[in-house]
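No value in this document is a laboratory result; all are computed from the given coordinates. Owing to the predicted nature of the structure, the values given are computational and were not obtained by experimental measurement. Note: ideal-geometry Cβ built from the backbone for every residue, glycine included; neighbour counts use all protein chains shown.
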Amino acid sequence: MKTGLYQHYSGKHYHVIGICRHSETLEEMVVYRGLYNDYALWVRPKAMFEETVTSEGQTRPRFQFIRALDITPPELR
């Protein structure tokens, strides 16, 4: 899975930071940050992140990859 900028089918934008695993089930999870309001961190099962949804009569990806982001935290520069 590519890291970078994604758009949710509702229109909001998110920065996918990477993939992690659930400590009990080892299920792959996507770690991402909302690029609005408080810029909160979120985690969602990878399978759910990549699935398609039907909204307003159209089937589309839940999250659509837009482009890579070149973001390096200041402490790593």
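For the chain, which chymotrypsin sites (Phe, Trp or Tyr not before Pro) are in a loop by DSSP, counting at most 12 other Cβ atoms within 10 Å?
Values: sites: Tyr6, Tyr9, Tyr14, Tyr32, Tyr36, Tyr39, Trp42, Phe49, Phe63, Phe65; in loops: Tyr9, Tyr36, Tyr39.
When the chymotrypsin sites (Phe, Trp or Tyr not before Pro) of the chain are filtered for loop state and at most 12 Cβ neighbours within 10 Å, Tyr36, Tyr39 remain.
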Worksheet item: Cα extents of the chain along the three principal axes, largest first, in whole Å?
Response: 46, 30, 22
Fill in: Qualifying trypsin sites (Lys or Arg not before Pro) for the range 1-59 [loop in DSSP, other Cβ within 10 Å: at most 15]
Lys2, Lys12
